[in-house]
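Novice: Next up is a structure, given as structure tokens.
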Amino acid sequence: MKRLNSQLQQDGAPLELILLIRTLLAACKEISFRVSQGALAGVLGSTLSENVQGETQKKLDVISNQILKDILSESGYVKAISSEEEEGVVPCSEDGNYLVSFDPLDGSSNTEINSLIGTIFSIAHAPQWMEANDPSAFLQPGTQMVAAGYVLYGPSTMLAMTTGRGTHLYTLDKTHGGFLLTKDNIQVPEQTSEFAINTSNARHWEQPIQDYINDLLAGSDGPRGKDYNMRWVAAMVGDIHRVLCRGGIFMYPFDKRNPEKPGKLRLLYEANPMAFLMEQAGGVASTGEGRIMEVMPTEIHQRVPVIIGSKEEVETCVSKYQ
């Protein structure tokens, strides 16, 4: 099987980017070990504090964030970091050429039930004329990303990643500690009969999403003429991994309960990297109003609605907004 380095070289990634990715994945391997220890290491449960998002932090949120922050800060490749768990940007090295954004442990509430969780990340070039502590450096559209991916901590530890030359899947071989290519240039089926959405929020959705989901629930007797299955992992990494592997549509739409927050998912840490992966695999990623990767961020913790997955299904959903 091909090693990660070989695939990155084949895809034309520059050496410094390869070294940065290897550094980031070293942190993820440490997180994978901590996650696998679970209750044995006393890392489960919540802390007594909230993060900048107003969410109660899990112990593993804090641990994972610190591991990534420490390793990336010391690498010399990174000018600054933005994390879902940090209020502001974290300056690293003024000479660093890259910016790294990450959700250190997506779906961390799933740790209590030993279910799927993961680390989501994206990498972009650092504007050299900006200071390392300037958050405006991160206010770039997703089209400027040079790499994105996630590490899924499941029965096996898997990496999905793109550097703009297709989306590839790797599996961590714990016998030698490296990620090996297990599926290259994955392609998401254009058609699907699976959808993922938190239907408990249905009464708060905008009418286009309500109309679309009602069409799916009507099954073979409805306008779509076929029956659909709903799947929901309650961790974006798990739901997106399923869509990448066998097709589907994942949605976290605008919620009318809080007009100040146009979605639950963060643009920098979740929506953009997953959109990059999906588009490179032949899928589509939209806010309902336009392409996710073309959204110009206005602040580092900005939220957006997310409709992402199989091309035909996403386009059908988005057509309800027109």
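The values are calculated or read from the model by the stated rules, or taken from the named source; none is laboratory data. This structure is a prediction, so every number in the text was calculated from the model and none was measured. As a convention, Cβ positions derive from the backbone with ideal geometry for all residues, glycine included, and neighbour counts pool all protein chains shown.
Novice: Filter region 155-170 down to the residues that are crowded, with 16+ Cβ neighbours inside 10 Å and over 23 Å from K311 (Cβ atoms) and list them by number.
Specialist: Residues satisfying the conditions are T157, M158, L159, Y170.
Novice: Then there's this: Search region 86-102 for residues being of a type outside the set (A, V, I, L, M), outside any loop (DSSP other than H, G, I, E, B) and touching a residue at least 60 places away in the same chain (Cβ under 8 Å), and hand back the single one that is farthest from D61 (Cα to Cα).
Specialist: Filtering region 86-102 for residues that are of a type outside the set (A, V, I, L, M), outside any loop (DSSP other than H, G, I, E, B) and touching a residue at least 60 places away in the same chain (Cβ under 8 Å), the one farthest from D61 (Cα to Cα) comes out as Y98.
Novice: Looking at region 103-127 only, could you name the residues that are part of a loop (DSSP other than H, G, I, E, B) and over 19 Å from R303 (Cβ atoms)?
Specialist: N114, S115, L116, A126, P127 - these are the residues of region 103-127 that are part of a loop (DSSP other than H, G, I, E, B) and over 19 Å from R303 (Cβ atoms).
Novice: Oh, and also: Looking at (1) part of a loop (DSSP other than H, G, I, E, B); (2) closer than 15 Å to T119 by Cβ, which one does T175 not meet, given that it meets all the others?
Specialist: Result: T175 passes all but (2).
Novice: While we're here: Among the candidates G154, G96, single out the residue that is within 29 Å of G238 (Cβ to Cβ) and either outside the structural domain of A275 (by TED's automatic domain parsing) or among the charged types (D, E, K, R) (or both).
Specialist: G154
Novice: Residues that are acidic (D, E): which strands (runs of 3 or more DSSP E) entirely in region 213-316 hold 2 or more of them?
Specialist: It comes to none.
Novice: For region 12-20, check the following and say yes or no: at least one residue is in a loop (DSSP other than H, G, I, E, B), modelled with pLDDT under 80 and assigned by TED's automatic domain parsing to the domain that holds L99.
Specialist: Within region 12-20, not a single residue is in a loop (DSSP other than H, G, I, E, B), modelled with pLDDT under 80 and assigned by TED's automatic domain parsing to the domain that holds L99.
Novice: Residue check, P297 against (1) closer than 18 Å to N201 by Cβ; (2) out of contact with any strand residue (DSSP E or B) (no Cβ under 7 Å at 6 or more places or on another chain); (3) touching a residue at least 60 places away in the same chain (Cβ under 8 Å), all met but one. Which one?
Specialist: Only one criterion in (1) closer than 18 Å to N201 by Cβ; (2) out of contact with any strand residue (DSSP E or B) (no Cβ under 7 Å at 6 or more places or on another chain); (3) touching a residue at least 60 places away in the same chain (Cβ under 8 Å) is unmet by P297, namely (1).
Novice: Taking region 128-166 as the region of interest, how many residues are assigned to a loop (DSSP other than H, G, I, E, B), hydroxyl-bearing (S, T, Y), within 16 Å of the chain's Cα centre (by Cα) and over 15 Å from L8 (Cβ atoms)?
Specialist: So the count comes out to 0.
Novice: Based on what the data block shows, is G283 touching a residue at least 12 places away in the same chain (Cβ under 8 Å) and at positive phi?
Specialist: Judged against the criteria, G283 is not a match.
Novice: Could you check W129 against (1) in contact with a Pro (Cβ under 6 Å, 6 or more places away or on another chain); (2) of a type in the set (F, W, Y); (3) in the same structural domain as P91 (by TED's automatic domain parsing) and say which number it fails?
Specialist: Just one mismatch for W129, condition (1).
Novice: Name, by its number, the condition in (1) small (G, A, S); (2) free of Cβ contacts under 8 Å to residues at least 40 places away in the same chain; (3) at positive phi that does not hold for A234.
Specialist: Unmet for A234, out of (1) small (G, A, S); (2) free of Cβ contacts under 8 Å to residues at least 40 places away in the same chain; (3) at positive phi: (2).
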